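A short worksheet on the structure shown next.
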Amino acid sequence: MITHVVVFTFIDQNIREEVKARLEALPGRIPAISTLTVGVDVLGTPTSGHLALISTHDDLDALEVYRHHPAHVEFAEWVLPQVTSRVVVDYVS
């Protein structure tokens, strides 16, 4: 199992709920996602990201299918212009 973690910080925090909704729609469109959880930061500290995504995938091949799936590419093209920082970690779980 591969766990994929992304922490986003946005230009405008008001977009967080829309990002969350769009991400939560992806499992229905991308079978390579085993699980997906999205959380919006509640503390708002100076070091906090605004939103975190945690997804799991059966293996590295499934993660690559997810990364290149048209629905994921479409989401990335929409969200990246609104992102000020993004940190990604992928690990064997």
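Distance between the C-alpha centres of region 1-36 and region 57-71: 14 Å, rounded to the whole angstrom. The calculated Kirkwood hydrodynamic radius for region 2-84 is 13.2 Å, given to one decimal from all distinct C-alpha pairs.
Packing order of peptides 80-93, 29-42, highest average first: 29-42, 80-93 (average count of other Cβ atoms within 10 Å over each peptide's residues). Compute the long axis of helix 16-25 from its Cα atoms, compare it with the longest principal axis of the Cα atoms of the chain, and write down the angle in degrees, 0 to 90, nearest 10. Once rounded, the angle reads 10 degrees. A Cβ-based charge dipole, computed about the Cα centre of region 2-84 with Lys and Arg at +1 and Asp and Glu at -1, lands at about 140 debye.
How long is the gain from ARG22 to VAL87 if the chain were fully straight, where each residue apart is worth 0.36 nm and the alpha carbon distance is subtracted? Write down the numbers at each step before the final one.
Details: separation 65, 0.36 × 65 = 23.40 nm, distance 1.88 nm.
Roughly 21.5 nm would be gained on extension.
Summing Lys and Arg as +1 and Asp and Glu as -1 over all other residues whose Cβ lies under 15 Å from the Cβ of ASP59 gives a net charge of -3.
The long axis of helix 70-79 is offset from the longest Cα principal axis of the chain by roughly 10 degrees.
Quick note: the coordinates plus some simple rules give every number you see, no bench work behind them. What you see is a predicted model, and the numbers here were worked out from it, not measured in a lab. Methodologically, a virtual Cβ is constructed for each residue, glycine included, from the backbone with ideal geometry; neighbour enumeration extends over all protein chains shown.
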